[in-house]
Amino acid sequence: MAQKIVANVSDAQGSPLAVAIEVSGHHIMGDEPVDQGGKNLGPSPYDLLTAALGECTAMTIRWYAARKGWSVEHVDVQVSHRKTMKAGTDQMIDEFHKTVAITAPDLTEEEHTKLIEVAGKCPVHKTLTGTISIVTGIG
């Protein structure tokens, strides 16, 4: 069974929208940008989601390369997110763009291509493109 991850998020001082986030023993602050009513004291929810996709992509490439015994010197992932209209509709969608750069001089073109393919299979990517369920309860 997969590990259950619990994040505790509560109001924080310093900004009308600031929150204190504790997850897996790590503590960070979240906030919204000034133009959204916050004071930009920390990453916004979409900042964290976008970063999570990039982090997972880089880690998945590293994990796969290590499993194959391939030497990878550096992985750089740039992810952008925006809300945009779905073509031909009036529906807003979330659009992510990923650019992956891998420094691995000893890899063949085929191995490099495989790592780029693997980049699209990270768990966060699968979550964002798959079927999910969110259950909200009263605590």
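Could you look through the stretch 49-107, keep only residues that are charged (D, E, K, R) and in a helix (DSSP H, G or I), and pick out the one that is surrounded by the fewest Cβ atoms within 10 Å (Cβ to Cβ)?
First, pick out the residues of the stretch 49-107 that are charged (D, E, K, R): 55, 62, 67-68, 73, 76, 82-83, 86, 90, 94-95, 98, 106.
Right, trim to in a helix (DSSP H, G or I) and you get 55, 62, 67-68.
Working: Glu55: 15, Arg62: 14, Arg67: 8, Lys68: 14.
Here the residue is Arg67.
For beta carbons closer than 7 Å, sequence separation of 6+ or different chains, a first residue in the stretch 89-116 that is in the same structural domain as Lys68 (by TED's automatic domain parsing) and a second that is of a type in the set (Asp, Glu) and in a strand (DSSP E or B), the qualifying pairs are Ala101/Asp76.
The values are calculated or read from the model by the stated rules, or taken from the named source; none is laboratory data. Since we're looking at a predicted model, the values are computed, not measured. As a convention, Cβ positions derive from the backbone with ideal geometry for all residues, glycine included, and neighbour counts pool all protein chains shown.
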